[in-house]
1. Which whole DSSP H helices in the chain pass both tests: a Cα extent of 24 Å or more along the axis and a mean Kyte-Doolittle value no lower than -1.0?
2. Quick one: compute a quarter of the convex hull surface over the Cα atoms of region 145-236 and quote it in nm².
3. Under unit Cβ charges (Lys, Arg +1; Asp, Glu -1), what dipole magnitude, rounded to 20 debye, does region 15-60 have relative to its Cα centre?
4. What accessible area per residue comes out for the chain, rounded to a whole number of Å², with a 1.4 Å probe?
5. Relative contact order for the chain: what percent, with Cα pairs under 8 Å and sequence separation of 6 or more?
6. When the chain is fully extended, how far beyond the present Cα-Cα distance does Met69 get from Ala139, taking 0.36 nm per residue of separation?
7. Of the heavy-atom accessible surface of region 1-152 (probe 1.4 angstrom), what whole percent is carbon and sulfur?
8. To two decimal places, what compactness ratio does region 1-150 give when its Cα radius of gyration is scaled by 2.2 N^0.38 Å?
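The values are calculated or read from the model by the stated rules, or taken from the named source; none is laboratory data. These figures come from a predicted structure and were not determined experimentally. Please note: Cβ atoms are built from the backbone with ideal geometry, for glycine as well, and neighbour counts cover all protein chains shown. Note: accessible area is taken over every heavy atom of the protein model, side chains too, but ligands, DNA and RNA are not part of it. Shrake-Rupley method; radii C 1.70, N 1.55, O 1.52, S 1.80 Å.
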Amino acid sequence: HMNHPIHFVSLGPGDPELITLKGLKTLQKADIIYCPATQGKHGIISRATDILKAIEVDESLIHPFILPMSKERTDALNAYNKLFLDAQAEYLKGKQIVIVAEGDAGFYSSIQYVYDKFEETGIPVDRIAGIPAFIAAGAISGLHIVKQEEKLVVLPGIVTAEELDSLLTSGHVVVIMKLSQCTDEIHRFMQANRQHEFHYYENVGTLSELHETDKRSILNRTFPYFSLMIIQPHII
Ligand code: SAH
């Protein structure tokens, strides 16, 4: 085996300027950049590719890999296993390999599965930290995400209105990712608990970025994949 690592570079939430200097420098040394994409109705969609195209990185090095959108875990695992084999073959030819992920590559980021497989194989890996979407969301809206003694809980789209109620009434600030997976429960909770402060975000760091705090407007939206919520407790 060679001894240079395969780098996992975090791209940040969408604004190309929110990649770290270290991430950018690593990308600029790459021979191949593997980049997640999905097959949409009108062609390939890839926020990660959009970010890469906006920074000083040679576009011809970008190799998209298609991740199935289905919730079937085995479909995604097949895609990741193929990525692993492709990247390993190129690595063994001596190439500098970079694999990218949106936000932080170790925060609700299934690419860690590939990182673990390389590690098991004895190929050195290295991960470069990035800005997670909820941190960028706080910044665009001037929110003090947690203050003083407050606690923060991050929920990955699996929530019930009861769980939200118990967290908020005990003083937790709650971040909810993958909102599109729990629309009904969020609606149920918002309708019954209007006292809290709801911050809803879409596509942070892109041209279609949105921050909304009006409860009726939030309830009227269809939550897209790239949406999240930060709820701050108001106890009455
Ligand atoms: N690794 C990412 C999270 C990936 S999980 C990170 O560090 O942020 C995918 C979820 O992240 C989405 O369903 C959405 O809730 C959130 N997300 C990622 N990017 C986003 C963005 N630009 N705007 C709003 N939400 C985003």
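1. 73-92
2. Seen from a random direction, the Cα hull of region 145-236 projects 5.7 nm² on average.
3. About 160 debye.
4. 52 Å²
5. The normalised contact order for the chain reaches 22 percent.
6. That pair, Met69 and Ala139, stretches by 22.3 nm at full extension.
7. 52 percent
8. In units of the 2.2 N^0.38 Å rule of thumb, it is 1.08.
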